[in-house]
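For reference, the structure is listed below as structure tokens.
The values are calculated or read from the model by the stated rules, or taken from the named source; none is laboratory data. It should be emphasised that the depicted structure is a prediction, and the values quoted were computed from it without experimental measurement. In this analysis, Cβ positions are derived from the backbone assuming ideal geometry, glycine residues included, and neighbour counts consider all displayed protein chains. Calculation scope for accessible area: heavy atoms of the full protein, side chains included, ligands and nucleic acids excluded. Shrake-Rupley method; radii C 1.70, N 1.55, O 1.52, S 1.80 Å.
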Amino acid sequence: MGEFAIGQGIPRFEDPRLVKGEGRYVGDMVLPGMAFGHVLRSPHAHARIRSIDVGAARAAPGVLAVLIGADWQASGFGDLPVPGGLKRRDGSPLYRSPYPALAKERVRWVGDYVAFVVAETSHQALDAAELIEVDYEPLPAITSAVDAVAPGAPLVFDDCPNNICFVQLEGDKAVTDAAFARADHVVKHRFVINRVTAASMEPRGSIGVYHPAEGRYTIYTTLQRTHTFREELAKFVLRLPENKVRVVAGDIGGSFGMKSAVYNEVGLVLLAAKIVGRPVKWISTRSEAFLGDAQARDNVTDAEMALDRDGNFLAVRVKTIANVGAYLQVGGQSFIANIGTLAGVYRTPALHADITAVFTNTNPVRPYRGNGRPEAAYVIERLVDLAADQLGFDPVELRRRNTIPPDAMPFRTGLTFTYDSGDFARNMDMALELADFTGFEKRRAEAERRGRLRGIGISNTIERAAAPSYEGAEIRFDRSGAATLLCGTVNQGQGHETAFKQIVCDRLGLDPRAVQYLQGDTDQVFFGEGTGGSRSASIGGSACLLASEKILVKAKAIAAHLLKVPPDDMKFADGIFSSPKTNETLTINEVAKAAAIPSRLPQDMEPGLTATAVFNVAVDNFPNGCHVCELEIDRDTGVIEIVRYSVVDDVGTVINPLLVKGQIVGGVAQGVGQILMEDIAFDASSGQLVSGSFMDYALPRADNLSNVEVKSNPVPTPTNPLGVKGCGEAGCVGAMPAVANAIVDALAPLGVRQIEMPATPERVWRAINNASSAA
């Protein structure tokens with residue numbers, strides 16, 4: 001519908017209230033009689049709890065309750081959910097660790113949960129927690145995934161041999177090994193993907209409420225999926241039917257996968273609320289977030305690529321050791337579903353991946369923007385550049401030689417994925433033109449005259465989005481003719497309200513400013529799955545479209561009845577029903593008003609104009625693109641300056657180009673952050689976190705990036721009625737390898753072939769000086 005139609009770059013409807021401080025975050029919520037909770041966390045990475053004395057804490061001013069592991073065990077509540085279904089190398093089931101909300105006998109990371117104090121104020125709860133005396137017996141700790149599987153390594157769980165949680169094998173090993181045996185060239189490298197944390201703008205928080213008259217719980221919390229969250233919480237922790245649990249999410253200030261788990265604090269505030277008879281609120285501090293939030297990435301991959309003498313890719317094989325932390329959260333295993341990203345956009349016929357997931361004495365690991373995709377993209381795109389360098393190929397032409405052509409779609413790769421659509425070669429051509437690739441050598445020479453090293457890096461990446469699942473949407477017209485749109489996804493900054501309103505209003509001819517949007521409440525939204533894995537526009541948007549179509553079917557019948565013409569003669573455009581058989585017209589709002597009056601409806605038609613829809617998708621879609629990063633390095637300091645960044649992405653049908661660019665740029669920033677500066681580091685001997693604040697954990701700022709130019713090369717997917725592919729993670733997937741390749745390209749004249757992440761100024765400076773010394 002005109003200015004609000006699909007494809008229009010309209011500003012987000014959410015933004016005015018958020019920028020004016022009118023957001024409704026958990027931290028803003030105040031309930032009558034609300035008390036406050038504080039978590040006492042372990043100062044040791046691994047220790048046995050000999051005893052806990054909470055007497056002084058319970059007697060402290062304002063304290064209402066102090067809970068420890070024994071209280072949790074006696075409460076009747078269950079442990080936090082742990083995934084199953086995977087296996088170890090010998091075929092036995094994966095190791096499923098117990099996951100209590102409070103540790104009882106042993107703590108397993110710095111930040112593990114020891115006690116929960118509830119008081120009248122948050123300051124009283126904090127003061128009382130400091131009075132708790134815990135007698136710890138420190139035990140040897142392990143923080144490195146590679147070291148965790150070494151003989152004699154300390155065990156995180158005594159009954160988990162070698163600290164191995166599970167092993168996942170993908171691809172055809174025999175075919176892959178045969179391809180390597182006949183290869184003319186083999187390129188290999190060990191890639192270390194460091195650990196990072198989400199550092200979302202809004203920390204985690206929860207408010208628990210118990211309603212004794214109903215035996216029902218309400219949790220207000222930070223999450224991504226209200227309905228699946230309720231399912232896990234009710235089934236595993238509360239051990240109740242789902243209708244006894246209400247889950248409410250207000251505005252969410254970023255998540256990137258981190259907030260989607262049922263965390264310990266959720267169970268603790270609900271148990272505490274039941275005990276003290278009042279709502280209980282817990283809000284993480286920024287420092288606490290480094291200790292309590294699940295973290296991300298952290299794996300080591302030994303990768304090899306086999307090529308023939310002409311540079312055709314024959315095979316790729318990898319062995320990865322992945323760190324899952326001290327406990328396996330639900331979702332902590334899901335990175336394996338994205339290992340197919342290793343195939344890239346290339347025709348490589350044979351691939352094999354061997355992944356070993358191991359426990360360590362560190363924060364649990366879970367999905368973070370990309371969830372295995374950026375890591376796999378980094379490995380394959382760095383391998384391509386290494387192959388080009390070692391074998392004397394031009395990196396662009398080597399990619400072009402091996403790229404899957406558009407007429408090969410659908411294309412089944414050698415590693416789990418079947419691509420539905422895409423024009424990968426055109427992505428690269430457009431990106432190279434956008435980046436003025438042909439003029440790069442002139443710019444490199446000019447930089448050299450200024451004493452600076454200039455490099456350019458390319459990444460051709462693809463990712464899996466909108467994995468098979470479903471989403472629900474509902475449209476309700478009230479008696480005044482106004483519409484309310486509800487959807488089961490949960491927005492954390494993506495712009496769901498804007499995109500979904502565009503879809504519905506484009507079809508129904510409504511003014512989106514007059515449509516109310518609701519989300520994030522299991523008592524209001526009838527059904528849903530939630531947000532994650534770049535699924536919302538594809539699946540949630542399609543549900544909104546299907547609900548709109550259902551509204552039109554009924555509205556058309558009502559309009560025909562009111563205008564006294566056959567339904568087949570009705571036309572609908574821009575929100576107006578008309579017919580060549582009458583000069584009268586009706587707006588959809590007028591039809592909605594009439595729908596509330598039984599006497600104005602066809603006989604036996606149910607009053608009201610509402611519709612629910614659930615869109616179920618059976619196959620993934622595959623957003624893809626090309627990133628080109630250009631940067632300069634100061635020889636004397638090792639400081640890297642990104643001077644130009646160009647992206648061409650295929651996200652299928654573009655609902656709103658402003659939203660797409662915002663998602664791409666945000667993802668690029670996070671990919672840049674990991675390559676250049678972000679790093680969760682632990683002391684190897686003690687397991688202590690040594691980058692536990694923004695003094696030590698560096699986040700990218702605006703001046704760390706150049707302007708990011710984004711263009712679209714849309715090839716609509718046939719997997720959903722909108723033709724939409726996911727875009728939320730695409731920027732991060734492409735950025736990591738593009739920036740890394742650019743750094744190495746800048747340093748290549750010095751003989752540097754790899755810089756591990758993060759490429760801090762010190763690390764780059766040392767590489768420059770070591771190369772100079774070697775020369």
Review point. Restricting the first residue to region 49-60 and requiring it to be farther than 21 Å from V107 by Cβ, which pairs with a second residue that is open to solvent by 20 Å² or more (accessible area, probe 1.4 Å) meet a Cβ separation below 8 Å and a spacing of at least six or different chains?
Key: A60/Q124; A60/D127; A60/L131
Check your understanding: Can you find a residue in region 710-717 that is part of a loop (DSSP other than H, G, I, E, B), among the hydroxyl-bearing types (S, T, Y) and out of contact with any strand residue (DSSP E or B) (no Cβ under 8 Å at 6 or more places or on another chain)?
Key -> no
Revision key, fill the gap. Scanning region 120-138 residue by residue, the ones that are out of contact with any Pro (no Cβ under 7 Å at 6 or more places or on another chain) and either under 26 Å from A684 (Cβ atoms) or not in a loop (DSSP other than H, G, I, E, B) (or both) total 13
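Conditions (1) within 19 Å of G257 (Cβ to Cβ); (2) of a type in the set (A, V, I, L, M, F, W, C); (3) surrounded by fewer than 22 Cβ atoms within 10 Å (Cβ to Cβ); (4) touching a helix residue (DSSP H, G or I) at 6+ places or on another chain (Cβ under 6 Å), marked per residue:
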site: N312; (1), (2), (3), (4): no, no, yes, no
site: I321; (1), (2), (3), (4): no, yes, yes, yes
site: I336; (1), (2), (3), (4): yes, yes, yes, no
site: T341; (1), (2), (3), (4): yes, no, no, yes
site: P349; (1), (2), (3), (4): no, no, yes, no
site: A357; (1), (2), (3), (4): yes, yes, no, no
Exercise for review: Report whether or not F256 is open to solvent by 10 Å² or more (accessible area, probe 1.4 Å), at pLDDT 95 or above and of a type outside the set (D, E, K, R).
Suggested key: yes
Check your understanding: Inside region 592-613, can you point out the residues that are over 42 Å from the mean Cα position of the chain (by Cα) and open to solvent by less than 20 Å² (accessible area, probe 1.4 Å)?
Key -> A594, L601
Check your understanding: Which one of N616, N621, N589 is closer than 30 Å to G731 by Cα and open to solvent by less than 70 Å² (accessible area, probe 1.4 Å)?
Key -> N621
Exercise for review: All but one of (1) out of contact with any Leu (no Cβ under 8 Å at 6 or more places or on another chain); (2) at pLDDT 95 or above hold for R513, so report the exception by its number.
Suggested key: (2)
Practice item. List every residue pair whose Cβ atoms sit under 9 Å apart, with the two residues 6 or more apart in sequence or on different chains, where the first one lies in region 155-181 and is more than 30 Å from L307 (Cβ to Cβ) and modelled with pLDDT of 95 or more and the second, anywhere, is part of a helix (DSSP H, G or I) and not small (G, A, S). Key: L155/P161; L155/N162; L155/N163; V156/N163; F157/N163; F166/I336
Exercise for review: Within region 513-527, count every residue that is surrounded by fewer than 14 Cβ atoms within 10 Å (Cβ to Cβ) and more than 20 Å from Y217 (Cβ to Cβ).
Suggested key: 3
Review point. Is there a residue being closer than 27 Å to T760 by Cα and open to solvent by 40 Å² or more (accessible area, probe 1.4 Å) anywhere in region 706-719?
Key: yes
Check your understanding: For the subset of region 144-158 comprising residues that are of a type in the set (A, V, I, L, M) and in a helix (DSSP H, G or I), which member is most open to solvent (accessible area, probe 1.4 Å)?
Key -> V146
Exercise for review: For V167, work out the one condition from (1) open to solvent by 10 Å² or more (accessible area, probe 1.4 Å); (2) touching a Phe, Trp or Tyr at 6+ places or on another chain (Cβ under 9 Å); (3) among the aliphatic types (A, V, I, L, M) it doesn't fulfil.
Suggested key: (2)
Review point. Under the condition of being among the polar types (S, T, N, Q) and crowded, with 19+ Cβ neighbours inside 10 Å, which residue from region 114-143 is farthest from I321 (Cα to Cα)?
Key: Q124
Check your understanding: Is it the case that some residue within region 761-773 is buried (at least 17 other Cβ atoms within 10 Å of the Cβ), among the hydroxyl-bearing types (S, T, Y), outside any strand (DSSP E or B) and touching a residue at least 12 places away in the same chain (Cβ under 8 Å)?
Key -> no
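Yes/no per residue for (1) in contact with a Cys (Cβ under 7 Å, 6 or more places away or on another chain); (2) more than 26 Å from S255 (Cα to Cα):
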| position | (1), (2) |
| --- | --- |
| I503 | yes, no |
| D506 | no, yes |
| L518 | no, no |
| T531 | no, no |
| R535 | no, no |
| S538 | no, no |
| A547 | no, yes |
**Study point:** Count of region 420-462 residues which are outside any helix (DSSP H, G or I), crowded, with 17+ Cβ neighbours inside 10 Å and out of contact with any Pro (no Cβ under 6 Å at 6 or more places or on another chain)
**Key:** 13
